[in-house]
Amino acid sequence: MTKILITGAAGQIGSELTVALRQRYGAGNVIACGHKTKLGPKSLYTGPFVYLDIRNFSTLVNIVKRYKIDTIFHLAGILSAVAEQNPQLAWDVNMTGLTNVLEVARVCHCAVFFPSSIGAFGPSTPLDNTPQLTIQRPQSMYGITKVAGELLCDYYWQKYAVDTRGLRFPGLISYETRPGGGTTDYAVEIFYGAIKDKKYCCFLKQGTRLDMMYMQDALRAAITLMEADPARLTTRNAFNVTAMSFAPEDIFAEIKKSIPDFTMTYEVDLLRQAIADSWPNKMDDSEARKQWGWQPEYDLPIMTREMIDKLSERMQHEGGKL
Ligand code: NAD
Ligand code: SER
């Protein structure tokens, strides 16, 4: 990787991946693409920034050629809850966007990182120790675009030798940029509630166990996979990766250790609950560990302490606002 393009750079992952890649590869070598962001995260303006609707192929080609891009981290997309409310938009952005990225990668010889998700699984997938290769019959539009995306990435590798690599991320937890409308967002929102108001109303019910990961681990996973020696990879796309698995009551109990007067109630959102119920409890990520040395560093207690510290610091800096 020498010249990197990040689509969806203003999002939850992109705003932090941009910073991490600029530190590693030089600010001028990492081009951040925003969609409608006007005053996005400050981090985006520490290097080149361009506007792009990922559905516009000619703009994408021009950017890739102008900056001599050799690697694309394709993060632009519509997340699960928003996708279920607007399935046509989700299909359009997630599929047209990925097709455009893969085509430009084929023509301009770029490598591509594609973030799949626990959403690529469905109700008939084994819920516990979910294997990497297993039944995938998701019933959400988000999941359908993720399975199709995984297959399309494999297709471009097998047919055109485009160096596509991808992970199935679990729910990601971070303090910089708020999540963009997913089913696992409660695991981020709960910290804002705990720190600002000492209370939170959870939209998933007790017992809803899902895989999760702290953003620092997610960034390291994406970069490590893209830097991995290809000779070590027997598969390229759709690596299961996880760091922890918990239900709302578990993260509540963990936060309460630091904020004893924190309280939580439940008001179940049926749309997001149905999506969550169709996702695994815990994935088996042994292939990622074996093939490219994946190893998470943050478990539930370590992540919780860091989230509380970082968000409390932010609230102090921002005069009590978050
Ligand atoms: P996000 O919603 O925070 O960011 C996505 C970005 O895409 C937004 O900034 C949005 O403006 C941009 N976008 C939307 N439509 C666009 C368009 N037409 N053209 C260009 N940009 C457009 O999402 P995120 O959490 O950063 O996720 C990035 C990717 O990672 C997505 O594909 C998502 O499915 C995947 N993923 C995320 C998680 C997670 O927990 N955050 C977990 C698994 C997979
Ligand atoms: N966090 C994402 C979502 O809930 C998982 O892919 O949509």
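Results, tabulated for the structure shown:
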{"quantity": "Qualifying residues in the stretch 248-276 (those that are buried (at least 16 other Cβ atoms within 10 Å of the Cβ) and within 16 Å of ligand 2 (Cβ to nearest atom)) - the one farthest from ASP197 (Cα to Cα)", "calculated": "ILE275"}
{"quantity": "Near pairs, Cβ below 8 angstrom, 6+ apart or cross-chain, from the stretch 73-96 (of a type in the set (Ser, Thr, Tyr)) to any residue that is outside any helix (DSSP H, G or I)", "calculated": "SER80/SER117; SER80/SER140; SER80/GLY181; SER80/GLY182; SER80/THR183; THR96/ILE54; THR96/ARG55"}
{"quantity": "Members of the stretch 166-181 that are farther than 17 Å from MET303 by Cβ and either of a type in the set (Val, Ile, Thr) or within 7 Å of ligand 1 (Cβ to nearest atom) (or both)", "calculated": "GLY180, GLY181"}
{"quantity": "Of the criteria (1) more than 16 Å from ligand 2 (Cβ to nearest atom); (2) open to solvent by 10 Å² or more (accessible area, probe 1.4 Å); (3) modelled with pLDDT of 95 or more, which one GLY40 fails", "calculated": "(3)"}
{"quantity": "Residues satisfying the stated conditions in the stretch 292-303, i.e. crowded, with 17+ Cβ neighbours inside 10 Å and more than 16 Å from PHE169 (Cα to Cα)", "calculated": "LEU300, MET303"}
{"quantity": "Enumerated strands (runs of 3 or more DSSP E) restricted to the stretch 95-171, each holding at least 1 residues that are crowded, with 24+ Cβ neighbours inside 10 Å and away from ligand 2 (no atom under 16 Å from the Cβ)", "calculated": "111-117, 164-169"}
{"quantity": "Of residues in the stretch 66-94 being in a loop (DSSP other than H, G, I, E, B) and more than 10 Å from ligand 1 (Cβ to nearest atom), the one most open to solvent (accessible area, probe 1.4 Å)", "calculated": "LYS68"}
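Condition check ((1) free of Cβ contacts under 8 Å to residues at least 24 places away in the same chain; (2) more than 28 Å from TRP157 (Cα to Cα); (3) of a type in the set (Val, Ile, Thr); (4) touching a Lys or Arg at 6+ places or on another chain (Cβ under 7 Å)) across all residues:
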| site | (1), (2), (3), (4) |
| --- | --- |
| ALA228 | no, no, no, no |
| THR242 | no, no, yes, yes |
| VAL268 | no, yes, yes, yes |
| ASN281 | no, yes, no, yes |
| GLN291 | no, no, no, yes |
| ARG305 | no, yes, no, no |
| GLU318 | yes, yes, no, no |
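The values are calculated or read from the model by the stated rules, or taken from the named source; none is laboratory data. The shown structure was predicted, so the numbers you read here are calculated from the model rather than taken from an experiment. Glycine also receives a Cβ, built like all others from the backbone with ideal geometry; neighbour counts cover every protein chain displayed. Ligands, DNA and RNA are excluded from the accessible area calculation, which covers all protein heavy atoms including side chains. Shrake-Rupley method; radii C 1.70, N 1.55, O 1.52, S 1.80 Å.
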